[in-house]
Amino acid sequence: MTTGQPISQDEFSELLRTFRRSAFRLETRQEYALGYERADFARFLAGTPVPPPETGWWRPWLEQVARLTREGKTVSRVRILDEPPTDYQRWMLWAGPWYAAAGEDIRYLARSTAGRIGLPLDHDWWLLDGERVMVIRYTGANEIAGKWLITDPGGTAPYLTWRDLAVRDATAAEHITAA
């Protein structure tokens, strides 16, 4: 059961635009079923991918990351990677250089390692400024089920530990190939 306050997509987006120092995400899913991505994912699978800066839904994120990093803030994430990677994970690996060019630090962690070190693999989350956590839960069909904000220090403490474990054991994107 997720603790915290339910938040809307607008509130979620605002928190990602206005953090003060750092934003860290742990991505745990083998794939995501986000409607706005479907056509571009299909193009990737067909061998005719569209670069993220040329994609209407992707470009705003890359521009936001570039702005935030110019302001001296850090944006990073660890993606849990299956062995071998799923098609969706290969797509994200392919897109990695554009994230890096925008200033986002992406690292990868094998699912087996993530389980061994005790990371929660049933939800994604953002840790903002080491003080607030935005939890993202998904349905069995990989669609977003809801988002919650945790601000209580007792509730955020495990996420600080999990972030540190994930970063410690993850591999930088430039050292991963899209098998």
* **Flag for Phe24 being within 19 Å of Gly103 (Cβ to Cβ) and not in a loop (DSSP other than H, G, I, E, B)** => yes
* Asked: Any idea how many residues of segment 39-63 are assigned to a helix (DSSP H, G or I) and either crowded, with 17+ Cβ neighbours inside 10 Å or modelled with pLDDT under 95 (or both)?
  -> 6
* Could you please let me know if Leu16 is touching a residue at least 60 places away in the same chain (Cβ under 8 Å), of a type outside the set (Phe, Trp, Tyr) and in a helix (DSSP H, G or I)? => yes
* **Residues located in segment 162-179, provided they are in contact with a Pro (Cβ under 7 Å, 6 or more places away or on another chain) and buried (at least 17 other Cβ atoms within 10 Å of the Cβ)** => Trp162
* Asked: Is it fair to say Val50 is of a type in the set (Val, Ile, Thr) and within 21 Å of Asp124 (Cα to Cα)?
  -> no
* Asked: Taking the stated definitions as given, is Tyr159 under 24 Å from Arg20 (Cβ atoms) and surrounded by 13 or more Cβ atoms within 10 Å (Cβ to Cβ)?
  -> yes
* To do: Residues being assigned to a loop (DSSP other than H, G, I, E, B), crowded, with 19+ Cβ neighbours inside 10 Å and small (Gly, Ala, Ser): count how many of those fall in segment 64-97.
  => 0
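The values are calculated or read from the model by the stated rules, or taken from the named source; none is laboratory data. Since we're looking at a predicted model, the values are computed, not measured. Cβ sites come from the backbone with ideal geometry, for glycine too, and all protein chains shown count toward neighbours.
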